[in-house]
1. Short version: ³J(HN,Hα) in whole Hz for each residue of segment 316-323, in order, from phi by Karplus 6.51 cos²θ - 1.76 cosθ + 1.60 (θ = phi - 60°), x for Gly and Pro, what are they?
2. Quick one: grab the alpha carbon gyration tensor of segment 151-285, order the square roots of its eigenvalues as a ≥ b ≥ c, and give me rounded if a/c is under 1.5, else prolate or oblate depending on whether a/b is larger than b/c.
3. Can you tell me how much longer the chain between N55 and H181 gets when fully stretched, taken as 0.36 nm per residue apart minus their C-alpha distance, in nm with one decimal?
4. For a quick protection proxy, order the peptides 118-125, 312-319, 58-65, 273-280 by their average other-Cβ count within 10 Å, most packed first.
5. Give me the distance between the Cα centres of segment 27-93 and segment 120-175, rounded to whole Å.
6. On the protein heavy atoms, probe 1.4 angstrom, tell me the percent of accessible surface of the chain carried by carbon and sulfur.
7. What order do you get for 171-177, 210-216, 159-165 when each peptide is scored by the mean count of other beta carbon atoms within 10 Å, highest first?
8. Within segment 43-75, find all residues whose amide N lies under 15 Å from a label point positioned 7 Å from the Cα of D103 along Cα-to-beta-carbon.
Amino acid sequence: MIIKHKLLIMRIGILTAGGDCPGLNAAIRAVVRCASADDVEVLGIRNGYLGLFENEVTPLTRSVVTGILPRGGTILGTSRFNPTKDENCLAKFVENWKLHRLDGLIVVGGEGSLSAARDLWQKHQLPLVGIPKTIDNDICGTDFTFGFDTAVSIVTDAIDRLHSTAESHHRVMVVEVMGRHTGWIAAYGGIAGGADVVLVPEHPFRISRVCDLLGGRKKDGRAFSIVVVAEDAHPHPDEDFLTEEQTNAIYRHNRLGGIGEALAAEIERCTDIQTRVTKLGYVQRGGSPTAFDRILATRFGIKAYEMVRAGHWGQMAALRGNRIISIPLTDAVGELKRLDEEIYRIAEVFFG
Ligand code: F6P
């Protein structure tokens, strides 16, 4: 019997870096499915950029990606390791890149990991393309990142559930959500869940206004309220209800969190309404992606693969309207995509 060996066209790597989010496996699957139809070999780099530094790679074949579409997290693992952080790191990274004879690399990452990809391409000429992912939806140049829709669905579901217990106990429920330095999750989750107040990093808040809104609701006979607060929402600079110690604990670490507790205490003190806090935390990043995120991640994966085949290096897949386009990585990173003012105005219509 003659076994036909097909000619290998190229060997590419794929890695997932930064915080995980639902949809990563859908993107990996899409790349691998396109590649296997073309006889392009795909190496999975484990744990973000760290895998190439530590030489932890694994072949990704069609059978490896079977069944991963609905799975949360990433089969490759992830980390926030940055290969450009010092010269030794970079040298090892490049050495292993050559060892594995990679013709190109697909980086699925958020703002930090895509900034590293931009540097690796611009300053060190490593052929890379990017796919934007993050629950925070804060990457410029793309209308949405995958992971965001799932996070918003989880927040919406939580607010729905909190409504009934808030109503039964006539309480204010403060819901602290993720989003790092932007208010996308808070605003979308707040609008979808029918929040009475939404506090975002883009609009420093005045505690007196929050309490007036909640007190007003009580006077009007609505004895319960939902307040959504983004983890990096700040009080206006001339408000002084947070101590220096609280400010340091909430905002001065890589890991944000705690504004919900401080806010709830102040609301209870000012309004005399029983107030409780729910910090949704990592549940917002876990579990199966929504259909929207599966489709977006799949489309990004296919686009990234096409860019690799065409040699369009230094580009990132992006969603514009309903079209997937490619944009220079330099246009996507460097600053964060702040919450759209129009979306905030919509949330505001329902305050109080
Ligand atoms: O960027 C995604 C995100 O989930 C943010 O919303 C959050 O602030 C951060 O990651 C948490 O990071 P870590 O996983 O390092 O605790």
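The values are calculated or read from the model by the stated rules, or taken from the named source; none is laboratory data. No experiment lies behind these values; they were computed from the predicted model shown. As a convention, Cβ positions derive from the backbone with ideal geometry for all residues, glycine included, and neighbour counts pool all protein chains shown. Note: accessible area is taken over every heavy atom of the protein model, side chains too, but ligands, DNA and RNA are not part of it. Shrake-Rupley method; radii C 1.70, N 1.55, O 1.52, S 1.80 Å.
1. 10, 6, 8, 9, 10, x, 10, 10
2. The shape class here is oblate.
3. 42.0 nm
4. By packing density, highest mean first, the sequence is 312-319, 273-280, 118-125, 58-65.
5. Cα centroid to Cα centroid, the span is 23 Å.
6. 50 percent
7. Ranked by mean Cβ neighbours within 10 Å, highest first: 171-177, 210-216, 159-165.
8. Residues 43 qualify, since their backbone N sits under 15 Å from the label point.
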